Amino acid sequence: MTSLTRRDALRLITAPIGLAALGASPLEIVRGASAHPASRLKVLVAGGHPDDPESGCGGTIARYVAAGHDVVALYLTRGEAGIPGKSHDESAKIRTAESEHACAILGATPRFAGQVDGDTHVDATAYAAMRELLDRERPDVVFTHWPVDTHPDHRAMSLLIYDAWMRLGRSAALGWFEVLTGEQTEVFAPTDYVDITAFAQKKRDACFAHASQKPEEWYPVHERMGRFRGMQHGCEVAEAFIRHDKGPPLPLPG
Ligand SMILES: [Zn+2]
């Protein structure tokens, strides 16, 4: 990128005046983005554990990548406490490798924020670290857990991201995703949907890359969620989001 930054491009491709002048819909502009490097977006998807970005928006990640955008999957922890009978170090090693495999399937880049599974903290130090991380990554679009969630690590990531997004001037679009709704995410009333029908298998494969988490036990819940969100949206399978309306418009891929 030279004279036009990605953030400028995001504003350009989503600005109502620009769209009216171009006579095109936001979707058409985003789809056309891959042909124009200036409109290539950087999307950051932040989850508490390995498998959260994939289960919350794996289909949407795959759609962004297919449209030519860059996606980073940011994991707050390496799932250190997530394999019974294994030490934290052993689990972290296994789950890091699973995350890398899942990201390779989706075409995303994995990043780890350095906290420990089951022992996450939200304090001044953690806020500062997330602010630095986001400032370094400079995403155009950020997704994270909806904060009303039964898992403390999910709540931690959600709060850390929200704080960093706000303090960095709300210059990225912000959206929240859901995971295991009813069991983890609660009171989630979507504002936006992405049709992931064509990417449902890829999402499934990425979630099944987390073999240590026995996805055969929990992925069926996400399959039901996807079909239900699809019914709401008018397609076969969808992922649902809540957008924040005080940043740039959320440029969803569809
Ligand atoms: Zn999780």
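Picking from ALA97, ALA92, which residue would you name as being surrounded by fewer than 21 Cβ atoms within 10 Å (Cβ to Cβ) and more than 20 Å from ARG40 (Cβ to Cβ)? Talk me through it step by step, then tell me what you get.
On the way: ALA92 fails: surrounded by fewer than 21 Cβ atoms within 10 Å (Cβ to Cβ).
Step by step, each of ALA97, ALA92 is checked, and only ALA97 is surrounded by fewer than 21 Cβ atoms within 10 Å (Cβ to Cβ) and more than 20 Å from ARG40 (Cβ to Cβ).
Quick check on region 149-163: of everything there that is more than 12 Å from ALA46 (Cα to Cα) and part of a helix (DSSP H, G or I), which residue is nearest to the ligand (Cβ to nearest atom)?
First, the residues of region 149-163 that are more than 12 Å from ALA46 (Cα to Cα): 149-152, 163.
Those still in the list that are part of a helix (DSSP H, G or I) too: 152, 163.
Numbers: PRO152: 10, ASP163: 20 Å.
Taking the candidates together, the pick is PRO152.
Do we find that ALA206 is in contact with a Gly (Cβ under 7 Å, 6 or more places away or on another chain), assigned to a helix (DSSP H, G or I) and either at negative phi or open to solvent by less than 50 Å² (accessible area, probe 1.4 Å) (or both) in this structure? Steps first, please.
Details: in contact with a Gly (Cβ under 7 Å, 6 or more places away or on another chain): yes; assigned to a helix (DSSP H, G or I): yes; either at negative phi or open to solvent by less than 50 Å² (accessible area, probe 1.4 Å) (or both): yes.
Answer is yes for this residue.
For region 42-60, give me the residue count where each residue is away from the ligand (no atom under 16 Å from the Cβ) and under 14 Å from THR109 (Cβ atoms). Before the answer, list the steps.
Here is the first cut: in region 42-60, the residues away from the ligand (no atom under 16 Å from the Cβ) are 42-44, 59-60.
This time we only want the ones that are under 14 Å from THR109 (Cβ atoms), so: 42-44.
So the count comes out to 3.
Within the set of pairs 6+ apart or on separate chains, which have a first residue in region 39-55 that is surrounded by fewer than 24 Cβ atoms within 10 Å (Cβ to Cβ), a second that is among the hydroxyl-bearing types (Ser, Thr, Tyr), and C-beta atoms under 8 Å apart?
From region 39-55, the pairs are ARG40/SER34.
Consider TYR193 carefully, then state whether it is hydroxyl-bearing (Ser, Thr, Tyr), away from the ligand (no atom under 13 Å from the Cβ) and under 15 Å from the mean Cα position of the chain (by Cα).
Working: hydroxyl-bearing (Ser, Thr, Tyr): yes; away from the ligand (no atom under 13 Å from the Cβ): yes; under 15 Å from the mean Cα position of the chain (by Cα): yes.
The answer is yes for TYR193.
Quick check: is even one residue across region 206-223 more than 16 Å from the ligand (Cβ to nearest atom), within 16 Å of the chain's Cα centre (by Cα) and modelled with pLDDT of 95 or more?
For region 206-223, residues more than 16 Å from the ligand (Cβ to nearest atom), within 16 Å of the chain's Cα centre (by Cα) and modelled with pLDDT of 95 or more: absent.
The values are calculated or read from the model by the stated rules, or taken from the named source; none is laboratory data. If you're wondering where the values come from, they're calculated on a predicted model, not measured in any experiment. All Cβ positions, even for glycine, are placed from backbone atoms using ideal geometry, and neighbour counts span all protein chains on display. Just so you know, the surface numbers come from the protein's heavy atoms only, side chains and all, with ligands and any DNA or RNA stripped out. Shrake-Rupley method; radii C 1.70, N 1.55, O 1.52, S 1.80 Å.
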